[in-house]
1. Can you pull out the residues in segment 186-212 that are over 12 Å from residue 156 (Cα atoms) and not hydrophobic (A, V, I, L, M, F, W, C)?
2. Give 306, 382, 338 a once-over and let me know the one that is open to solvent by less than 20 Å² (accessible area, probe 1.4 Å), in contact (Cβ under 8 Å) with a residue 40 or more places away in the chain, under 26 Å from residue 457 (Cβ atoms) and within 14 Å of the ligand (Cβ to nearest atom).
3. What single numbered condition from (1) out of contact with any Gly (no Cβ under 9 Å at 6 or more places or on another chain); (2) within 19 Å of residue 412 (Cα to Cα); (3) of a type outside the set (Ser, Thr, Tyr) fails to hold for residue 299?
4. Restricting to segment 61-114, give me the number of residues that are closer than 13 Å to residue 14 by Cβ and in a loop (DSSP other than H, G, I, E, B).
5. Within segment 465-482, identify whether any single residue is within 26 Å of residue 284 (Cα to Cα), open to solvent by 40 Å² or more (accessible area, probe 1.4 Å) and assigned to a helix (DSSP H, G or I), and answer yes or no.
6. Restricting to segment 351-378, give me the number of residues that are in contact with a His (Cβ under 8 Å, 6 or more places away or on another chain) and of a type in the set (A, V, I, L, M, F, W, C).
7. Taking segment 352-367 as the region of interest, how many residues are assigned to a helix (DSSP H, G or I) and open to solvent by less than 70 Å² (accessible area, probe 1.4 Å)?
8. Pull up segment 11-42, narrow it to residues that are within 16 Å of the ligand (Cβ to nearest atom), assigned to a loop (DSSP other than H, G, I, E, B) and of a type outside the set (Lys, Arg), then point me to the one that is surrounded by the most Cβ atoms within 10 Å (Cβ to Cβ).
Amino acid sequence: MRILFATAEVSPIAKTGGLGDVSGSLPKALAKHGHDIVIFMPLHRQAREWFTRNRTTLEEVLPATQIMWANWAAEASFLRTTLPDTDIPLYLVANDHFFNREQIYAPRADGYDDGIERFTFFCRAVIRACELLGIVPDILHAHDWHTALLPVYLSSGLRGMTEFAATRSVYTIHNLNYQGIGRAAHFSVLGLHSRYWSPDAIEHFGQVNLMKGGIIFADQVTTVSPNYAHEIQTPARGAGLDGVLRSLSFKLTGILNGIDIESWDPETDPNVPSNYSASQMNGKALSKRALLDDAGLRWRAKTPLLSFVSRLVDQKGVDLLIPALEHMLRAGAHVVILGSGESRYEDALMRVGEANSDRCRVWIGFDNALAHRLYAGSDMLLMPSIYEPCGLNQMYALRYGTVPVVRLTGGLVDTVIPFDATNAVEANGFGFVTPSPRDLFTCAWLGMLNFKETRTWKQLQANGMSADFSWDRSALEYDRIYRRAMMAF
Ligand code: ADP
């Protein structure tokens with residue numbers, strides 16, 4: 001099948017989180033299964049810088065093209081390269097006004113958040129490029145709110161055009177809490193017929209809601225773990241769209257994300273100071289020493305090193321982490337933190353780091369190489385997420401023999417088997433349910449106690465390292481969903 005992937009992020013070129021990782025690795029697995037994939041993403045400044053750093057030449061595939069819709073017009077250039085280490089075509093939609101920004105999701109220089117305009121332009125540009133370049137996908141696979149308009153456009157008229165007559169759409173929710181919400185006035189930006197201004201379409205309680213449109217109009221909807229697929233149909237986790245999702249549950253499937261096991265392999269990872277594998281773990285101890293050195297912390301035998309690598313937003317449980325940290329440090333842990341996000345969290349974490357500089361190091365920023373070193377060098381990874389659609393960090397940690405300490409929510413339930421003293425044979429981490437600092441600390445404390453039990457610990461590490469989180473199985477499930485979408489008419 002010919003599949004067009006439209007996404008705001010692609011790792012390693014430009015990413016802020018899991019969406020980028022998935023867009024960089026799922027296409028490879030699908031190509032291995034015989035699908036013919038093309039990817040479209042915006043040419044963000046980060047992407048341009050990545051290509052320059054990596055001396056990648058971008059081929060201009062179309063002259064600057066006027067993209068017109070409703071009362072709008074903006075110019076797009078289309079460039080092409082391949083997804084790194086593959087021959088999968090990667091098309092970049094360039095427009096400096098919209099995409100040449102410091103941050104991938106930054107508002108305009110004057111502070112106005114023009115996200116809806118930017119990604120409407122992107123979706124329109126993708127369609128225009130398909131027309132001009134003769135790209136006729138069987139499946140249009142859109143991801144998150146940024147490209148949610150593609151299934152809507154497909155149903156609103158594109159299917160009447162011969163090129164797209166047989167094209168079907170799949171929409172993947174990577175995080176239901178970012179929905180692409182705009183004021184009612186934004187509806188005119190979208191260039192849709194007024195019948196789409198309806199609670200059965202794009203309107204949601206008087207506002208524009210792009211994700212709702214993607215969910216309603218896609219032929220199939222997926223999300224990134226089976227447990228999250230269940231959770232988002234409940235009022236507690238449905239972020240206002242649970243009713244819509246329940247009513248359309250016949251076309252909703254949870255498919256667990258995989259990870260790119262080649263880029264994330266402790267045996268070959270060039271970022272890891274001393275490579276290691278499940279059968280040869282010396283390198284992990286050396287990587288821990290190197291990480292402690294980087295962090296300015298002194299190595300002490302039997303002192304567990306806990307880490308936290310994350311966007312610093314409330315979703316990730318930073319409000320639980322900050323009070324619990326003090327207790328973990330007092331209980332004798334070393335803690336290293338890498339994150340960026342909301343300044344209130346950055347400042348609070350920095351303060352904890354500064355006040356405990358002999359036990360704790362906080363790096364504020366986004367640093368992929370350092371993230372790899374943290375997964376390799378730590379004993380435990382903290383993930384006290386309030387909600388977690390899938391979570392990749394815990395899978396990276398497991399693969400690197402780092403035992404995850406997680407709140408049992410979303411995809412963390414599908415990937416972490418919490419230790420409970422009766423299941424050491426299969427457990428691979430520690431888990432808690434109630435979102436409180438006390439329960440987080442108690443859970444981490446249980447981990448710290450077991451860290452001293454060498455046999456138990458080795459078993460936990462081995463269980464994690466032997467789990468298969470490769471994309472192979474999930475790619476087969478996507479294949480099944482694509483086939484189901486093709487049957488829609
Ligand atoms: P989310 O997509 O919600 O941020 P995931 O667990 O699915 O969470 O994916 C997070 C990805 O982003 C992982 O690859 C993780 O290593 C990476 N990441 C998060 N914060 C940072 C950071 N500050 N520096 C480097 N990588 C980070």
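1. Those that are over 12 Å from residue 156 (Cα atoms) and not hydrophobic (A, V, I, L, M, F, W, C): 186, 188, 198, 199, 200, 203, 204, 206, 207, 209, 212.
2. From the options 306, 382, 338, the qualifying one is 382.
3. Evaluating residue 299 over (1) out of contact with any Gly (no Cβ under 9 Å at 6 or more places or on another chain); (2) within 19 Å of residue 412 (Cα to Cα); (3) of a type outside the set (Ser, Thr, Tyr) leaves (2) as the failure.
4. 9
5. Yes: segment 465-482 contains one or more residues that are within 26 Å of residue 284 (Cα to Cα), open to solvent by 40 Å² or more (accessible area, probe 1.4 Å) and assigned to a helix (DSSP H, G or I).
6. Adding up the residues that qualify gives 1.
7. So the answer is 2.
8. Applying the filter and picking the extreme gives 13.
The values are calculated or read from the model by the stated rules, or taken from the named source; none is laboratory data. Because the structure is a prediction, the values reported are computed rather than measured. A quick note on method: Cβ atoms are made from the backbone with ideal geometry, for glycine too, and the neighbour counts reach across all protein chains shown. When the accessible area is computed, the model is the full protein with side chains, heavy atoms only, and any ligands, DNA or RNA have been set aside. Shrake-Rupley method; radii C 1.70, N 1.55, O 1.52, S 1.80 Å.
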